[in-house]
Amino acid sequence: MNKLVSNIISINLISVFLLLGNINSNPNNTDWNLITEDATTKVYTRKSQNSNIKEIRIVTQFKSDVETLKEVLGDVKDYPSWVFKCMGSEKIAAVNDNEFHYYLMTDMPYPVSNRDLVVHTKNWSQNNSYFSKSVAKPDFVSKKEGMVRVPRFSSFWEVTPIANQTIQIEYEASTDPGGYLPTWVVNLGITKGPINTMQSLKQEVEKRYSAK
């Protein structure tokens, strides 16, 4: 597998998991390393307690309110319109309005098998902030032929309104894409994919917010 294909694979695998909510990491490990930043966004990585694949943290701001972001994240069937390489997604079981399971498929470049992911998400509000945590539930539905089931994923969102009709988003995630891929290949794309997806999420959220 040449370096170009490796880069594409790593970006595809990691970016699709950006949207998904509890991070299964060492709570005493706060050694985040700043990788890149601009006027509104900072991106960090750190070593994981559970894997050789790095964890990611993104802190950014959207011109929006909390409710609009919640609407976009809750619109699971629309994920393919803004989640990088997402080829399909659907809610598969609802506990209530704030807790559900969903299924998502990722289109991978040949010769790598497509990935699929089953997620349990729980959302809540506290002190004007919105929180969401998710964890992979790989055995919740039967595996599909031709797909590699993602065995581990966890993430956490904290969304807080700040001044001038703006929200601040703090996002952390950790994943194992499953199957055989060298760790260095996955780590190579650990930031580029999520950044691309977050940018698309920002466009979608701000578009809906400006239309209100």
note = K91 vs (1) modelled with pLDDT under 90; (2) in contact with a helix residue (DSSP H, G or I) (Cβ under 9 Å, 6 or more places away or on another chain): all pass except (1)
task = Please work out which one of (1) surrounded by 13 or more Cβ atoms within 10 Å (Cβ to Cβ); (2) under 30 Å from I162 (Cα atoms); (3) modelled with pLDDT of 95 or more is the condition W124 fails and give its number.
result = (1)
message = Residue under question is R115, and the condition is that it be in contact with a Lys or Arg (Cβ under 8 Å, 6 or more places away or on another chain) and more than 22 Å from D65 (Cα to Cα); does it hold?
response = yes
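Tell me, yes or no, whether the stretch 89-99 has at least one residue that is crowded, with 18+ Cβ neighbours inside 10 Å and in a loop (DSSP other than H, G, I, E, B).
Of the stretch 89-99, the ones crowded, with 18+ Cβ neighbours inside 10 Å are 89.
So of that shortlist, the ones also in a loop (DSSP other than H, G, I, E, B) come out as none.
Within the stretch 89-99, not a single residue is crowded, with 18+ Cβ neighbours inside 10 Å and in a loop (DSSP other than H, G, I, E, B).
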key: Within the stretch 35-69, tally of residues that are crowded, with 17+ Cβ neighbours inside 10 Å, of a type in the set (K, R) and either at pLDDT 95 or above or in a loop (DSSP other than H, G, I, E, B) (or both)   = 1
request  = Quickly run through the stretch 174-195 and pick out the residues that are over 15 Å from R115 (Cβ atoms) and at pLDDT 80 or above.
outcome  = S174
task = Pairs only if they're at least six apart or on different chains, beta carbon under 9 angstrom, first in the stretch 74-93 and over 19 Å from K202 (Cβ atoms), second surrounded by fewer than 16 Cβ atoms within 10 Å (Cβ to Cβ) and hydrophobic (A, V, I, L, M, F, W, C); list them, first residue then second.
result = I92/F140; I92/V141; A93/F140; A93/V141
remark   = Of those in the stretch 127-176 that are assigned to a loop (DSSP other than H, G, I, E, B) and of a type in the set (V, I, T), the residue surrounded by the fewest Cβ atoms within 10 Å (Cβ to Cβ) is V141
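The values are calculated or read from the model by the stated rules, or taken from the named source; none is laboratory data. Predicted, not measured: the structure shown is a model, and the values here were computed from it. Quick reminder, even Gly has a Cβ in these numbers, built from the backbone with ideal geometry, and neighbours come from all protein chains shown.
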